[in-house]
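Data block below; observations after.
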Amino acid sequence: MDIGMCYLDGNADVVEFCPHYPFHHILAAGTYTLQEGTQPHREGSISLFSADPVVGLELLCRVSTVGVFDIKWSPSGESIHPLLAQADADGCIGLYNLSKTETENEGSILKEVCSEKVSSSMCLCVDWKPSGSSVCLGLSDGSICMVTVREAQLQVSQSWLGHDYEVWATSFDAHRPNLLYTGSDDCCFNCWDLRASPSEIVFRNAKSHQMGVCCITQNPTNTNILLTGSYDEFLRVWDVRSTSKPVHEKSLCLGGGVWRIKYHPSISTFILAACMHNGFAVVSTEEEDVRVVETYCKHESLAYGADWQKGEISTQGMLRKGLLVATCSFYDRRLRIWQPEFLS
């Protein structure tokens, strides 16, 4: 069910709902636009919205920046004020603080806390360590960069060449934070041990993906299970208990490059997938049955950004099921919020 739609000020490529209470209604959207001409440059922005199932989308503030490839909120419960990390086309990691305005109609705004230049290459993806003490960046030259976060200061702790081509995915292991998973245009899905410096390879799978690895997500309830998405249009489910050689359990062709995958915040058998040339899909990964349960094709361009609204606990201790989904598409610059029908 469609709730709201608006156009962003640039090519839309990433959306993220805030996981921190009481900011579950807050939605951030990033843009990346290549301005061609005699002096080509990459422009971008981060727009902050209030998303409501009745009112729809309300723009709260917009921050102009260079081209944004990825944004991630800090883990919930790890800071007084939520922080938003930005990976951008200038090779920088930026941090923004989400805070309430002091006006009569108390809204929310983003304020830049700090920024650090980590490379002459572009920063393509970012992920937070579960403790919130550091972030990891994937770079366009194949490098991986760890950055320590201390109050209003960012410091590169280590950097190493992990892939032959662009690194599109970095993901910390939630329960084994010394492990980091990465995926790249070189078709490799890697795992690294961060206790060594530079980090040591735990495993490298270079055979399963036929094209670049775009995204990696860990199952929130079964930490041995990982999902990967690839340009080859397949969603793959992995069991990593055999760390020397991950077991490829199941795969499903989604009919478009799988750019983003997000687990439902309370029902870990459902995921949301952004399928580039084939819109968005909700997929069930229950037991041996991997299947599409719902598709969303209201966008008219590359399906890139996708996220679930984080749940709120009711008085009965149950997570409400009427969660919003936010999706965005690139060239048509559309941001949409909607509610999946399979849970209604």
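The values are calculated or read from the model by the stated rules, or taken from the named source; none is laboratory data. Just so we're clear, the structure is a prediction, and the values are computed from it rather than from any experiment. For neighbour counting, all protein chains shown are included, and Cβ atoms are generated from backbone atoms with ideal geometry for every residue, glycine included. Note: areas computed on protein heavy atoms with side chains; ligands, DNA, RNA excluded. Shrake-Rupley method; radii C 1.70, N 1.55, O 1.52, S 1.80 Å.
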When the accessible area of the chain is computed with all protein chains present and a 1.4 Å probe, what percentage of it is carbon and sulfur?
47 percent
Once the Cβ-Cβ distance between Ser197 and Asp9 is put in as r, and R0 is 35 Å, what FRET efficiency do you end up with, to the nearest 0.05?
0.30
Using 0.36 nm per residue of separation minus the Cα-Cα distance, give me the extension gain between Val54 and Ala174 in nm, one decimal.
39.8 nm
Under Karplus coefficients 6.51, -1.76 and 1.60, residue-wise ³J(HN,Hα) of segment 150-159 in Hz, glycine/proline x
10, 6, 9, 9, 10, 9, 5, 9, 6, 8
Which pairs in the list Lys72/Lys262; Lys111/Lys262; Lys129/Lys298; Lys72/Lys207; Lys129/Lys207 are over 24 Å apart, alpha-carbon to alpha-carbon?
Lys111/Lys262; Lys129/Lys298; Lys72/Lys207; Lys129/Lys207
If you place +1 on the Cβ of every Lys and Arg, -1 on the Cβ of every Asp and Glu, and leave all else neutral, what size is the dipole of the chain about its Cα centre, to the nearest 20 Debye?
520 debye
Mean separation of Cα contacts under 8 Å (6+ apart) over length of the chain, as relative contact order %
13 percent
Evaluate the distance, in nm, between pseudo-label points positioned 7 Å from the Cα of Gln35 and of Tyr165 along their respective Cα→Cβ axes.
3.0 nm
Leaving out ligands and nucleic acids, note down the accessible area per residue over the chain with a 1.4 angstrom probe, in whole Å².
43 Å²
With every protein chain kept in place and a 1.4 Å probe, the residues Asp52, Asp232 fall, from largest accessible area down, as Asp52, Asp232
What FRET efficiency, computed as 1/(1 + (r/R0)^6) with R0 = 35 Å and r the Cβ-Cβ distance, is obtained for Met211 and Ser64, rounded to the nearest 0.05?
0.55
Lys/Arg Cβ at +1, Asp/Glu Cβ at -1, dipole of the chain taken about the Cα centre: which of Trp238, Gly67, Pro22 is farthest positive-ward?
Trp238
For the chain, the Kirkwood Rh over every pair of distinct alpha carbons, in Å, works out to 20.1 Å
If you take the beta carbon distance between Thr101 and Ser301 as r and set R0 to 35 Å, what does 1/(1 + (r/R0)^6) give as a FRET efficiency, to the nearest 0.05?
0.60
Ranking by accessible area, most exposed first, for Tyr21, Tyr304, Tyr181 with a 1.4 Å probe:
Tyr21, Tyr304, Tyr181
Starting from the amide H of Ile3, placed 1.01 Å from N in the peptide plane, find each other amide H under 5 Å away whose residue is 5 or more places distant or on another chain.
Ile337, Trp338, Gln339
How would Arg260, Arg241, Arg291 rank on accessible area, largest to smallest, probe 1.4 Å?
Arg241, Arg291, Arg260
Solvent-accessible area of Leu59, probe 1.4 Å, all protein chains present, reported in Å² to the nearest ten, please.
90 Å²
Roughly how much of Phe270 is accessible, in Å² to the nearest 10, using a 1.4 Å probe?
40 Å²
Taking θ = phi - 60°, what integer Hz values does the Karplus form 6.51 cos²θ - 1.76 cosθ + 1.60 yield along segment 30-43, in sequence order, with x for Gly and Pro?
x, 10, 9, 10, 7, 8, 8, x, 5, 10, x, 8, 10, 9
